[in-house]
1. To the nearest 20 debye, what charge dipole does the chain have about its Cα centre, counting +1 at the Cβ of each Lys and Arg and -1 at the Cβ of each Asp and Glu?
2. For the ranges 173-183, 111-121, what's the packing order if you count other beta-carbon atoms within 10 Å of each residue, average per peptide, and put the highest first?
3. Given the Cα-Cα distance of Q139 and E43 and 0.36 nm per residue of separation, how much length would full extension add, in nm?
4. In whole Å, what is the distance between the alpha-carbon centres of region 39-60 and region 117-135?
5. Of the listed pairs K62/K111; K25/K46; K95/K120, which have alpha-carbon separations greater than 29 Å here?
6. Counting only protein heavy atoms and a 1.4 Å probe, tell me what percentage of the chain's accessible area is made up of carbon and sulfur.
7. Along the charge dipole of the chain, which of V169, L56, V147 sits closest to the positive end, that is, farthest toward it, with unit charges on the beta carbon of Lys, Arg, Asp and Glu (+1, +1, -1, -1)?
8. For the chain, what does the helix formula give at 222 nm: sum of -39500 (n - 2.57) over DSSP H segments with n ≥ 4, over the residue count, nearest 500 deg cm²/dmol?
Amino acid sequence: MSENSFISNAQRAEVLTQALPYIQKYYNKVVVIKYGGNAMINEELKDAVMGDIVLLSLIGIKVVLVHGGGPEISDMLKRVGKESRFENGLRVTDKETAEIVEMVLAGKVNKSLVALLQSKRGNAIGLSGMDGYLIKAKQLDPKLGYVGEITDINTKPITDMLDCGYIPVVSTVGVDDDGNIYNINADTAAARIAGMLKAE
């Protein structure tokens, strides 16, 4: 490495001086980050985002990462020969598509984000909206199939993990009392989770 690639002590002190008020303001506070879209398919950007999340955690901010995975779901549907259909920006989700959504979000995407956070020395654990009825849902519109509207958020699995020092990584799959799985909009889920955590 060249000398220019290292940050000087004076530069490091300047960065810390500017950051300190924000670190103090958010220390021990819960911050919900929604992660999705193009930031998920650009590997360089994904790496940078996960590094920043670990840094926030290391300085004492309690981070909850809520993620979608639309591009990954579309890719998997294409692989199995299913066409992606959207109405008003929402994916039409039949029973088979709901199973693929569960597999991709709660499995592949969730676990890859957990692994990436841990490779950067973060302490992460994956949660699905199905775990502990974290995201309870009902059908939003029969025409959309298994697209869910959130009916309740159980924050206990999240707060338990935060209290144990983990970064909870939440996939946006909902469930109802009959065990039906629903595709949940990640922006909506992140906003509801943040609102519930703030109210506690």
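The values are calculated or read from the model by the stated rules, or taken from the named source; none is laboratory data. Since this is a predicted model, take the numbers as computed values, not measurements. FYI the Cβ positions are ideal-geometry reconstructions off the backbone, even for glycines, and counts take in every protein chain you see. Ligands, DNA and RNA are stripped out before the accessible areas are found, and what is left, the full protein with its side chains, is counted by its heavy atoms. Shrake-Rupley method; radii C 1.70, N 1.55, O 1.52, S 1.80 Å.
1. Numbers: 22 positive and 25 negative charges, 71 e Å.
Dipole of the chain, to the nearest 20 debye: 340 debye.
2. Top to bottom by mean Cβ count within 10 Å: 173-183, 111-121.
3. 31.2 nm
4. 15 Å
5. K95/K120
6. 52 percent
7. Result: L56, furthest along the dipole toward the positive end.
8. About -13000 deg cm²/dmol.
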